[in-house]
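*Asks:* The structure is given below, and queries will be raised subsequently.
Every number in this text was worked out from the coordinates using simple rules, so none of it is lab data. It should be emphasised that the depicted structure is a prediction, and the values quoted were computed from it without experimental measurement. Glycine gets a Cβ as well: all are built from the backbone with ideal geometry, and neighbour counts include every protein chain shown.
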Amino acid sequence: MTHRIRRRPALVAAVLAALLALTACGSSNNDAETEGSSGHDKVRLGQWIPGAPSLTALTSLMLAENQEIQDEHDLTVEFTEYKNLQAMYTDLSTGRIDGLLGGPEAFAASSNKGASAILAGSFSRSNAMILSTGPELTAENLRGKRMVAPTTTSTWQFVRLQIEDVTGLEAEKDYQLVTAENSNASIQQLAAGTADFAMAWGEGLVEGLEKFPTITIVADPEELAGGEEPFIQFAIAVNSDNLSPEVTDRLVKAYAAQAEWMRENPGEADSRAQDFGRLEGTIEKMLTEPHLFIFDVKPFPGPEADELRADLQLLVDTGHLSELPGPAFFNDH
């Protein structure tokens with residue numbers, strides 16, 4: 001059975017559980033969209049940074065520090081760094097923050113339970129890859145073997161379908177599935193020989209390849225996507241009770257401008273990430289080698305929203321999402 005992820009071309013299970021549990025907490029904080037000291041509309045962003053920041057989290061953080069982009073879009077952006085993941089999602093649900101970047105499946109599950117979070121736009125496309133210590137990703141090489149991956153993430157649910165398209169093999173039926181906490185753990189298990197293939201992405205992938213030179217990429221995002229654009233991995237979510245459509249649109253444009261700034265200033269972005277403990281060179285490499293991080297900041301509604309709607313429908317069809325949220329979730333008024 002083919003599960004072609006449509007394109008014009010994430011988050012751990014604990015995140016999803018937190019979102020589902022938080023919909024009863026209420027959703028509106030009426031003082032959210034107020035004027036900052038500059039007279040601009042105030043937007044409060046949050047991101048989970050448990051240790052060294054991801055490039056996704058770093059984009060939000062640096063947008064809050066980029067006064068020029070804020071002025072261009074008549075925004076005053078405040079940023080809250082979270083160490084507790086559940087607290088961040090509670091604050092989005094209750095309106096203590098106005099927006100964040102995350103995996104669309106988790107937001108969809110939350111919306112199905114009545115939360116006010118909607119998707120304002122896409123943020124980036126998948127940079128998930130399949131790794132091995134030699135064997136290529138083929139049906140013959142994968143059948144009966146062990147694939148280690150962060151299996152509780154929405155990213156894996158999409159990549160699992162891509163692997164089925166590429167090889168014709170189904171996870172847990174035709175090959176074994178080993179659960180890892182994150183990309184770093186996936187690569188460590190592959191290097192230790194407790195798995196034959198690994199799925200990883202992002203900073204964990206970049207740093208893992210540096211640490212374990214015997215590990216190679218055997219399927220990059222474009223190859224997994226069959227030569228088309230990779231799926232939308234992260235999206236911009238906002239509390240729709242807090243931000244008007246007009247302010248939401250300006251926030252998406254500000255994110256697009258910040259993404260372009262980071263592409264043009266990879267060294268400065270890397271230096272800021274080092275302030276939080278990220279290894280030197282990781283963020284710069286991701287920003288200068290396009291397949292390692294694929295910014296695609298586009299407002300919803302639009303073609304990207306239609307694409308994501310079709311991708312989420314695949315998760316409904318395969319039992320990984322209870323139902324597809326309505327048009328409002330995709331910012332389609």
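*Asks:* Summing Lys, Arg as +1 and Asp, Glu as -1, what charge do residues with Cβ under 12 Å from the Cβ of His320 carry, His320 excluded?
*Replies:* Result for the local shell: -3.
*Asks:* At 222 nm, what value in deg cm²/dmol follows for the chain if DSSP H runs of at least 4 each add -39500 (n - 2.57) and the sum is divided by all its residues, to the nearest 500? Present the calculation step by step, with values, prior to reporting the outcome.
*Replies:* Values: 14 runs with 140 residues, N = 333.
The per-residue figure over the chain is -12500 deg cm²/dmol.
*Asks:* I've got another one for you. For a protection proxy built on the mean count of beta-carbon atoms within 10 angstrom, sort 54-63, 168-177 highest first, please.
*Replies:* Details: 54-63: 23.6, 168-177: 14.9.
Final packing ranking: 54-63, 168-177.
*Asks:* For Lys113, give me every one of the aspartates and glutamates with a C-alpha distance below 18 angstrom, ignoring sequence neighbours fewer than eight places off in its own chain.
*Replies:* Asp91, Glu105, Asp241, Glu323
*Asks:* Between Lys145 and Arg263, what's the calculated FRET efficiency when r is the beta-carbon distance and R0 is 41 Å? Round to 0.05.
*Replies:* Working: r = 37 Å, r/R0 = 0.91.
Rounded to the nearest 0.05, the efficiency is 0.65.
*Asks:* Starting from the eigenvalues of the Cα gyration tensor, five times each then square-rooted, give me the equivalent ellipsoid semi-axes of the stretch 256-333, largest first, whole Å. Write down the numbers at each step before the final one.
*Replies:* Numbers: eigenvalues 224, 48, 24 Å².
So the three semi-axes of the stretch 256-333 are 33, 16, 11 Å.
*Asks:* At a temperature of 25 °C and a viscosity of 0.890 mPa s, determine how fast the stretch 164-271 diffuses translationally according to Stokes-Einstein, using the Kirkwood radius over alpha-carbon pairs as Rh; express D in µm²/s, rounded to the nearest whole number. It would help to have the intermediate numbers written out before the result.
*Replies:* Details: Rh = 17.4 Å.
Reported coefficient: 141 µm²/s.
*Asks:* Take the Cα pairs of the chain, get the Kirkwood Rh, then feed it into Stokes-Einstein at 20 °C and 1.002 mPa s and tell me D in µm²/s.
*Replies:* 107
*Asks:* Moving to a separate point now. How big is D for the stretch 73-192, in µm² s⁻¹ as a whole number, if Stokes-Einstein is applied with the Kirkwood radius of its Cα pairs at 25 °C and 0.890 mPa s? Let's see the in-between values first.
*Replies:* On the way: Rh = 17.0 Å.
Roughly 144 µm²/s, to the nearest whole number.
*Asks:* Based on Cα positions only, what radius of gyration and what Dmax would you give for the stretch 202-333, in angstroms?
*Replies:* Final numbers for Rg and Dmax: 17.5, 51 Å.
*Asks:* Say the cut-off is 27 Å between C-alpha atoms; which of Lys42/Lys298; Lys42/Lys285; Lys83/Lys145; Lys211/Lys298 go over it? Mind dumping the intermediate values first?
*Replies:* On the way: Lys42/Lys298 21 Å; Lys42/Lys285 33 Å; Lys83/Lys145 36 Å; Lys211/Lys298 35 Å.
Long pairs (Cα-Cα over 27 Å): Lys42/Lys285; Lys83/Lys145; Lys211/Lys298.
*Asks:* If each residue of separation counts as 0.36 nm, what is the full-extension length gain between Asp74 and Phe276 once their alpha-carbon separation is subtracted? List each step's numbers first, then the result.
*Replies:* On the way: separation 202, 0.36 × 202 = 72.72 nm, distance 2.84 nm.
Answer, rounded to one decimal: 69.9 nm.
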